[in-house]
Amino acid sequence: YNKLDLTTTLYTCIKELAVNGAKANIKRILFDEVRIDLESEADYRRGLEVFREKLTDRFINEYAQKAKDRGLYVDIKFEYDDTQLSVEVVNNSALTKREDERIREKFRDGLKYEDIGELYMEMQDNQEGAGMGIALILMMLKSENIDPHYFTVYSDYTNKTVAKITFPMSPHFRDGRA
């Protein structure tokens, strides 16, 4: 595509989404072990506190192995043609409805910001740890003049969660979302 200027944005976005997918899998294992009821708001918040307290390199390595043993994964798929590059990061931990609502809130909040400093000063609800990442991705896309609506997250609520970003690579790009 001859778009080397997008290298940092592509790398950062893909890494952020992959790390979030891995954390989601690890969080599911931990929640299962400490018997968190995903439908109970109080229980869920307690689980997030436990998750944040345990989040160390040693913990991640231990739970990465547990994820592998349980068949949990993060898969990165690339699709491209002459006009676009689409990146999908798929993990096989489905979102709950409440997690999906939180992600939608993070998207709405993230779209308000143009500056990373402003984001850090004003974003108080960082329960998931993913809120800043979503906003960062949205700001990076905007800084490259890429419509932030080309970044989506969705789940089938049973088997998987998908985060997808489409990068237009040509003036001939046509948005296929319509």
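In this structure, R108 and N61 have a Cβ-Cβ separation that, at R0 = 25 Å, corresponds to a calculated FRET efficiency of about 0.10. Taking 7 Å steps out from each Cα toward its Cβ at T83 and E39 produces label points 4.5 nm apart.
Nearest 10 degrees is fine. How inclined is helix 41-54 to the longest principal axis of the chain, computing both from alpha carbons? Between helix and principal axis, roughly 80 degrees.
Accessible area per residue for the chain is 58 Å², calculated with a 1.4 Å probe on protein heavy atoms, without ligands, DNA or RNA. State the percentage of accessible surface on the chain attributable to carbon and sulfur atoms; use a 1.4 Å probe and exclude ligands, DNA and RNA. That fraction is 51 percent. What does the C-alpha gyration tensor say about the overall shape of region 42-141? Classify as rounded when a/c is under 1.5, otherwise prolate if a/b is larger than b/c, or oblate. Oblate is the answer for region 42-141, as a/c is 1.5 or above yet b/c matches or exceeds a/b. Compared with the alpha-carbon gap, the fully stretched path from Y120 to I76 is longer by 13.0 nm at 0.36 nm per residue.
If D175, D57, D43, D115 are ordered by their accessible area, calculated over protein heavy atoms with a 1.4 Å probe, which sequence runs from highest to lowest?
D57, D115, D175, D43
With respect to the chain, whose longest principal axis is taken over its alpha-carbon atoms, helix 131-143 is tilted by about 0°.
The C-alpha atoms of the chain define a longest principal axis, and helix 7-33 lies at about 20 degrees to it. Converting phi to 3J(HN,Hα) with the Karplus coefficients 6.51, -1.76 and 1.60 and the offset θ = phi - 60°, region 75-80 yields 10, 10, 10, 10, 10, 8 Hz in sequence order, with x at every glycine or proline. With 0.36 nm allotted per residue and the present C-alpha distance subtracted, the D175-E101 stretch has 24.1 nm of extension available. In terms of the mean number of neighbouring beta-carbon atoms within 10 Å, the peptides 67-77, 2-12 order highest first as 67-77, 2-12.
When the chain is treated as a GNM with alpha-carbon contacts under 10 Å, the residue of M132, M121, M140 showing the greatest mean-square fluctuation is M121.
Using heavy atoms of the protein chains and a probe of 1.4 Å, the accessible area assigned to E33 is about 80 Å².
The values are calculated or read from the model by the stated rules, or taken from the named source; none is laboratory data. From a predicted model like this one, the values you see are computed outputs, not experimental measurements. Note that we place each Cβ from the backbone using ideal geometry, even for glycine, and neighbour counts take in every protein chain shown. Accessible surface areas use protein heavy atoms only, side chains included; no ligands, DNA or RNA. Shrake-Rupley method; radii C 1.70, N 1.55, O 1.52, S 1.80 Å.
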